[in-house]
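For reference, the structure discussed in these notes is given below.
The values are calculated or read from the model by the stated rules, or taken from the named source; none is laboratory data. From a predicted model like this one, the values you see are computed outputs, not experimental measurements. Cβ sites come from the backbone with ideal geometry, for glycine too, and all protein chains shown count toward neighbours.
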Amino acid sequence: MVSLAALAAAQSDLPASGSHHAVPDLSTKLLRLQESAARHPDGRLLPERVAELLPELVRFDSTGAPRSIRHRQLNSLLLDEVRRLSERVAALEATEGAGLDDPSTEPLVRIRVTRHE
């Protein structure tokens with residue numbers, strides 16, 4: 001089972017986004033997964049794509065090929081990321097001159113939600 005603490009620790013070891021050879025942060029990886037799902041005809045994530053970005057969230061078969069996604073761990077990771085981003089927004093709102101009252105300010109994260117029946 002994937003330890004979310006291990007994922008968080010790995011995330012904290014990643015270089016800052018401004019560094020020369022920055023590794024995409026967790027938010028970026030999750031957004032790339034969402035974009036990948038949006039391109040799929042059924043709107044679903046494929047284990048192969050998840051394995052490219054977050055291999056810790058994939059079960060592999062005996063040949064090493066991606067077999068399935070660990071959805072419970074993915075859900076926990078998403079909830080942790082929403083909490084982290086909410087805390088970030090609150091901190092920015094508490095800082096004078098954060099610019100959040102300016103309607104021209106770009107959002108921190110854009111998420112497109114699609115519903116499939």
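If the condition is being small (Gly, Ala, Ser) and surrounded by fewer than 18 Cβ atoms within 10 Å (Cβ to Cβ), then segment 38-61 contributes ALA38, GLY43.
Of all residues in segment 60-75, those that are touching a residue at least 60 places away in the same chain (Cβ under 8 Å) have Cβ atoms under 7 Å from Cβ atoms of residues that are assigned to a strand (DSSP E or B), 6 or more apart or on another chain, in ARG70/VAL58; ARG70/ARG59. Pairing residues of segment 88-103 that are among the basic types (Lys, Arg) and surrounded by 10 or more Cβ atoms within 10 Å (Cβ to Cβ) with residues that are assigned to a loop (DSSP other than H, G, I, E, B) and modelled with pLDDT under 85, at Cβ distances under 8 Å and at least 6 apart in sequence or on separate chains, gives ARG88/LEU108. Right, ASP102: farther than 19 Å from LEU26 by Cα and at pLDDT below 95 or not? Yes.
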